[in-house]
Amino acid sequence: MSDLLIIDAPSVRKLLTMPLCMDAMKAAAVAVTRKAVTVPLRRSVSLHDGSGSLLLMPGSSLGPDTYGAKLISLHAANVDRGLPVIQGFISLFDHGTGAPIAIIHGAALTAIRTAAASGMATQLLARKDVQTHGIFGAGVQASTHAAAVLAARPNVKETIIWARNEMKAEELANKLSDEFNTYVRATNDKKEAARCDVVTTVSGASSPLVFGKWLTAGAHLNIVGAHTADAREVDTQTILNSAVYVETVDTAFKEAGDLIIPEQEGVFSRNDIAGEIGDVLLGNKSGRESDDQITLYKSLGNAAQDIHAGWAVYREALDKKIGVSVPF
């Protein structure tokens, strides 16, 4: 009989600091590029009435001595209910015996690891002297991405938030100003947010919010929100103007409408991808080539990230004796 450790949301937030998770995302990105992980495409099943989806993301790694899966629900209407859009858990198993070793709160971990991946990309690709960060969206990911970019570039002096719901943007700006003791404000002008040194899109949009003609030379973009072939947050010109980095090329051209739609238009292809983010970490790609170059990281998320972040939480929980251990 083995023990199963249950790690709830407050414990995840306490244990999985942004620097720790960014390190885990670097390890995951390297593992993906080295093909040291098995990461099938996520499986998504729409609910019978179309009100939501159930997603399964399994994976196995040669790095951490574990394998597992994330099982989550997606209910967009939860925004209006004051509930998380994403709910579920990550399960980890011992690689040697197959014994389940942990169940980890999925929404809390996803909120941090998604932002940490963007923080990692910002650390690798953004100019060293960036001063402004524009965020599109005012949900949980907007909050964690503000933290991630500040962790990657502490010299950011101003964070500007645009969201369709202006009241939520104002509320989040006030909250983050207090939390990070930095200047955060809301704007109702999309162009203003798009002209920042770092631009992050974490919206629920299915059509472009950011246009290439608005961008500033030398900007870095984290494009996060859209994750289906027919949805995108940036226009074709943004993609054509940018050095585009992805987690994996294969997955990007199956799930990333930001790239698939320009491909369907006949103006962008796999050959135009600058590289996988793991290539930059391994030194196979140089990353940013000049201060005027626009760089773009298209984030989709993958099971390798969940496993590496989950393993980091699990090890911290064991070390600090946090979580509920039950016989299994």
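Take the conditions (1) over 23 Å from Thr248 (Cβ atoms); (2) modelled with pLDDT under 95; (3) crowded, with 19+ Cβ neighbours inside 10 Å; Ala146 misses just one of them, which is (2). For the stretch 202-216, does any single residue satisfy the condition of being touching a His at 6+ places or on another chain (Cβ under 7 Å), at pLDDT 95 or above and not polar (S, T, N, Q)? Looking through the stretch 202-216, at least one residue is touching a His at 6+ places or on another chain (Cβ under 7 Å), at pLDDT 95 or above and not polar (S, T, N, Q). So is Gln141 over 17 Å from Asp23 (Cβ atoms) and modelled with pLDDT under 95 or not? Yes, satisfied. In this structure, is Gly266 surrounded by fewer than 22 Cβ atoms within 10 Å (Cβ to Cβ) and closer than 22 Å to Ile135 by Cβ? So Gly266 does not fit the description; no. Quick one: in the stretch 275-301, which of the residues that are among the aliphatic types (A, V, I, L, M) and at pLDDT 95 or above is nearest to Asp258 (Cα to Cα)? Selected residue: Leu296. Highlighted here are the strands (runs of 3 or more DSSP E) found entirely within the stretch 90-162 that include at least 1 residues which are touching a strand residue (DSSP E or B) at 6+ places or on another chain (Cβ under 9 Å) and within 21 Å of Ala317 (Cα to Cα): 100-105. Of the strands (runs of 3 or more DSSP E) that lie entirely inside the stretch 240-328, those containing 2 or more residues that are closer than 30 Å to Ser207 by Cβ and within 19 Å of the chain's Cα centre (by Cα) span 242-246, 294-298.
Considering only the stretch 152-170, state which residues are aliphatic (A, V, I, L, M) and crowded, with 20+ Cβ neighbours inside 10 Å.
Matches in the stretch 152-170: Ala152, Val156, Ile160, Ile161, Ala163, Ala169.
Only one entry of Val198, Val246 meets the criterion of being farther than 18 Å from His133 by Cα, in the same structural domain as Arg153 (by TED's automatic domain parsing), hydrophobic (A, V, I, L, M, F, W, C) and surrounded by 22 or more Cβ atoms within 10 Å (Cβ to Cβ), and that entry is Val246.
Selection of the stretch 180-208 for residues being assigned to a helix (DSSP H, G or I) and touching a residue at least 24 places away in the same chain (Cβ under 8 Å) yields Phe180, Lys190, Glu192, Ala193, Ala194. Which one is surrounded by the fewest Cβ atoms within 10 Å (Cβ to Cβ) among residues in the stretch 227-243 that are closer than 18 Å to Ala193 by Cα and either of a type in the set (A, V, I, L, M) or in contact with a Ser or Thr (Cβ under 8 Å, 6 or more places away or on another chain) (or both)? Residue satisfying both the conditions and the ranking: Ser242. Applying the condition of being among the hydrophobic types (A, V, I, L, M, F, W, C) and touching a helix residue (DSSP H, G or I) at 6+ places or on another chain (Cβ under 6 Å) to the stretch 302-316 and asking which residue is nearest to Gly63 (Cα to Cα) yields Ala304. In the set (1) at pLDDT 95 or above; (2) of a type in the set (S, T, N, Q); (3) surrounded by fewer than 23 Cβ atoms within 10 Å (Cβ to Cβ), the condition left unmet by Asn78 is number (1).
The values are calculated or read from the model by the stated rules, or taken from the named source; none is laboratory data. If you're wondering where the values come from, they're calculated on a predicted model, not measured in any experiment. Here the Cβ is made from the backbone with ideal geometry for all residues, glycine too, and neighbour counts use every protein chain on show.
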